[in-house]
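One structure below.
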Amino acid sequence: SYNVRVLALAQEQRTYSGTQIDANADLAQSGTLRLSQNGTDYDVTIEATDSLNDIAAKINATNGKLSASVFYDGSAYRLQLRGTET
């Protein structure tokens, strides 16, 4: 006979960008965005003409165990990254 007590449940990680007025506007930022997950690095090349929606699509194209989406928080747009596994 065993007694098991659950103290906490695993949760996925979520990370958010700063706000932008338009999800489709060029961000005028360029470089390489490196995302690391469980010892695996995913490099995403960002062009000056990329918008939040473009960056989300590029992150999703890495086929990592993460997901990117853009959402409207009621006043501005944000990029959300989340792990697809706990």
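The values are calculated or read from the model by the stated rules, or taken from the named source; none is laboratory data. It should be emphasised that the depicted structure is a prediction, and the values quoted were computed from it without experimental measurement. Cβ sites come from the backbone with ideal geometry, for glycine too, and all protein chains shown count toward neighbours. Just the protein is used for accessible areas: all its heavy atoms, side chains included, with ligands, DNA and RNA removed. Shrake-Rupley method; radii C 1.70, N 1.55, O 1.52, S 1.80 Å.
Return the calculated 222 nm mean residue ellipticity for the chain, to the nearest 500 deg cm²/dmol, obtained by summing -39500 (n - 2.57) across DSSP H runs with n ≥ 4 and dividing by the residue count.
Values: 1 runs with 9 residues, N = 86.
When only DSSP H runs of four or more count, the value is -3000 deg cm²/dmol.
Quick one: pull the percent of accessible area on the chain belonging to carbon and sulfur, 1.4 Å probe, ligands and nucleic acids left out.
Values: 2770 of 6230 Å².
Here it works out to 44 percent.
With +1 on each Lys and Arg Cβ and -1 on each Asp and Glu Cβ, and nothing else charged, work out how big the dipole of the chain is about its Cα centre, in Debye to the nearest 20.
Values: 7 positive and 10 negative charges, 100 e Å.
The dipole of the chain has a size of about 480 debye.
Please state the shape class of the chain: rounded when a/c is under 1.5, otherwise prolate if a/b exceeds b/c and oblate if not, all from the C-alpha gyration tensor. Could you put the intermediate results ahead of the total?
On the way: a/c = 3.70, a/b = 1.85, b/c = 2.00.
Taking the square roots of the gyration eigenvalues as a ≥ b ≥ c, the chain is oblate.
Just to confirm the filter: which trypsin sites (Lys or Arg not before Pro) across the chain are DSSP coil and have at most 11 other Cβ within 10 angstrom of their Cβ?
Numbers: sites: R5, R14, R34, K58, K65, R78, R82; in loops: R5, K65.
Of the trypsin sites (Lys or Arg not before Pro), the ones in loops of the chain whose Cβ has at most 11 other Cβ atoms within 10 Å are R5.
Let's test the formula: R0 of 25 Å, r as the Cβ-Cβ distance of S17 and N38. What FRET efficiency results, to the nearest 0.05?
Details: r = 22 Å, r/R0 = 0.87.
Efficiency, from the Cβ-Cβ distance: 0.70.
Remind me, relative contact order of the chain in percent, using alpha carbon pairs under 8 angstrom and six or more residues apart?
34
Work through the residues other than F71 whose Cβ is under 12 Å from its Cβ and net out their charges, Lys, Arg +1 and Asp, Glu -1.
Numbers: positive: R14, R78, R82; negative: D73.
Surrounding charge for F71 is +2.
Within 13 Å, Cβ to Cβ, of N60, how many net charges do the neighbouring residues add up to if Lys/Arg are +1 and Asp/Glu are -1? Could you put the intermediate results ahead of the total?
Values: positive: K58, K65, R82; negative: D54.
The answer is +2.
Between R5 and R82, what FRET efficiency comes out of the Förster formula 1/(1 + (r/R0)^6) with R0 = 30 Å and r the beta carbon distance, rounded to 0.05? All intermediate terms of the calculation are to be shown ahead of the outcome.
On the way: r = 28 Å, r/R0 = 0.94.
Efficiency computed from Cβ-Cβ geometry: 0.60.
Pick from S51, S67, S17: which residue has the top mean-square fluctuation in a GNM of the chain where Cα pairs under 10 Å get a spring?
Its mean-square fluctuation being the largest, the pick is S17.
With point charges of +1 on the Cβ of Lys and Arg and -1 on the Cβ of Asp and Glu, referenced to the Cα centre of the range 1-62, which listed residue (A28, V4, I55) lies farthest in the positive direction of the dipole?
With unit charges placed on the Cβ atoms, the residue in question is V4.
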